[in-house]
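Shown next, in structure tokens, is the structure this report addresses.
The values are calculated or read from the model by the stated rules, or taken from the named source; none is laboratory data. Because the structure is a prediction, the values reported are computed rather than measured. Because the Cβ atoms are built from the backbone with ideal geometry, glycine has one as well, and the counts that use them run over all protein chains shown. SASA here: full protein model, heavy atoms, side chains in, ligands and nucleic acids out. Shrake-Rupley method; radii C 1.70, N 1.55, O 1.52, S 1.80 Å.
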Amino acid sequence: MATYGFVALAFDPSFGGESGGSVRNTASPDIFTEDYSAAVDYIRLLDFVDRNRIGVIGICGLSGMAITAAGTDTRIKAVATMSMYDMSRDMSHDHMDYYTEEQRNKMFLHGRLLCR
């Protein structure tokens with residue numbers, strides 16, 4: 001992105017990469033979506049950034065969260081993704097929509113995703 005004149009900020013989502021803390025290896029679509037907005041919070045503070053031309057890119061499993069962030073954060077004006085499938089949907093409905101509606105409702109009532 002920077003090669004083509006775009007200001008680029010690469011970050012690892014919460015609970016991974018070089019971030020600190022003791023919680024690790026945790027997947028949280030809602031927190032990962034919020035990470036995109038937090039990145040926008042930061043990048044808008046930079047004097048050389050055009051606040052009206054901010055976009056996000058989601059790669060692989062974070063593609064769904066990039067789309068969700070762009071749909072809810074009006075400061076994000078463009079979104080691009082590179083993914084084989086919608087990971088957010090896969091996590092909430094299980095692979096190939098395996099979960100029944102009753103199982104999905106139970107997951108959301110308990111505020112967590114179940115893994116098989």
- Item | Meets criteria (open to solvent by less than 40 Å² (accessible area, probe 1.4 Å), among the hydroxyl-bearing types (Ser, Thr, Tyr), assigned to a loop (DSSP other than H, G, I, E, B) and touching an Asp or Glu at 6+ places or on another chain (Cβ under 7 Å)) for Ser14 | yes
- Message: Would you confirm, using the coordinates I've provided, whether Ala69 is modelled with pLDDT of 85 or more, surrounded by fewer than 17 Cβ atoms within 10 Å (Cβ to Cβ) and either hydrophobic (A, V, I, L, M, F, W, C) or farther than 30 Å from Asp97 by Cα (or both)?
- Response: no
- Item | Search result, residues across the range 54-66 that are open to solvent by 60 Å² or more (accessible area, probe 1.4 Å) and modelled with pLDDT under 90 | Ile59, Cys60
- Message: So the check is Cβ under 7 Å with 6+ separation or different chains; which pairs have a first residue in the range 26-48 that's surrounded by fewer than 17 Cβ atoms within 10 Å (Cβ to Cβ) and a second one that's aromatic (Phe, Trp, Tyr)?
- Response: Thr26/Phe15
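Glu34 - would you say it is assigned to a helix (DSSP H, G or I) and of a type in the set (Asp, Glu)?
Here the answer is yes, as Glu34 does meet what is asked.
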